[in-house]
């Protein structure tokens, strides 16, 4: 499932106390063109949400939309969260990292193997492959310094060999005074839909990088600590 940002909703209709999308600008899961989906009113309702379909004007293929009507809405409590069924988004994160630059091929293979053996409930094999994934990550960044060192020490020195601040520093060039993006954000020049979509991707990545990922690591760390203490 792929979440639809509220900024991608062109219009709403009332559904009880909530506003649910009537028209959505989104990438088609089939042909991958950015298009406008007109949401059908023939909802299949449940106590948690509604299910409906809409056809892509470009490829004419139908896509499924899930609209959450219970405990899934914005801060104002009026816009329901909406998701489109996208088989690519539904696949594991390994499919996302494959398209990123500088990802070691052996890391992808080890990670995919770890996923497969975990799904097969092969616990010992999952442990072995998980260790291999961690080793591959550390080897990529530490190079020769990883040899002969226990994982704990490798992780200890990892921040000295990874510029974790660089992704944030790189944004300073995009938002430089007089730059095109800053002019658009200040409404000094117009922004087209493709640029707004890229901007939404940037916001999502920033939030994930600064809040979601550190939080997930902390929560998982606490769960592991409680399990073994």
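The values are calculated or read from the model by the stated rules, or taken from the named source; none is laboratory data. Here the structure is a predicted model, which is why all the values come from computation and not from measurement. Here Cβ is always computed from backbone atoms with ideal geometry, including for glycine, and neighbour counts include all displayed protein chains.
Quick notes on this structure:
- All of (1) out of contact with any strand residue (DSSP E or B) (no Cβ under 8 Å at 6 or more places or on another chain); (2) surrounded by 14 or more Cβ atoms within 10 Å (Cβ to Cβ) hold for residue 46 with one exception: (2).
- Some residue of the stretch 217-229 being over 28 Å from residue 24 (Cβ atoms) and at pLDDT below 85: yes
- Any hit, the stretch 73-82, residues being modelled with pLDDT of 85 or more, out of contact with any strand residue (DSSP E or B) (no Cβ under 9 Å at 6 or more places or on another chain), assigned to a loop (DSSP other than H, G, I, E, B) and not assigned by TED's automatic domain parsing to the domain that holds residue 205: no
- Pairs, first over 29 Å from residue 40 (Cα atoms) in the stretch 84-108, second assigned to a loop (DSSP other than H, G, I, E, B) and modelled with pLDDT of 65 or more, C-beta under 7 Å, six or more apart: 97/103; 108/98
- Qualifying residue in the stretch 3-21 (condition: within 20 Å of residue 204 (Cα to Cα) and in a loop (DSSP other than H, G, I, E, B)): yes
Okay, residues lined up against (1) surrounded by 12 or more Cβ atoms within 10 Å (Cβ to Cβ); (2) in contact with a helix residue (DSSP H, G or I) (Cβ under 6 Å, 6 or more places away or on another chain); (3) at pLDDT 85 or above; (4) farther than 26 Å from residue 198 by Cβ:
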| residue | (1), (2), (3), (4) |
| --- | --- |
| 17 | no, no, no, yes |
| 25 | yes, yes, yes, no |
| 29 | yes, no, yes, no |
| 37 | yes, no, yes, no |
| 42 | no, no, no, yes |
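- Helices (runs of 4 or more DSSP H) contained entirely in the stretch 123-209, each with at least 3 residues that are surrounded by fewer than 14 Cβ atoms within 10 Å (Cβ to Cβ): 123-142, 151-157, 166-174, 193-207
- Test: residue in the stretch 203-215 that is more than 26 Å from the chain's Cα centre (by Cα) and at negative phi: no
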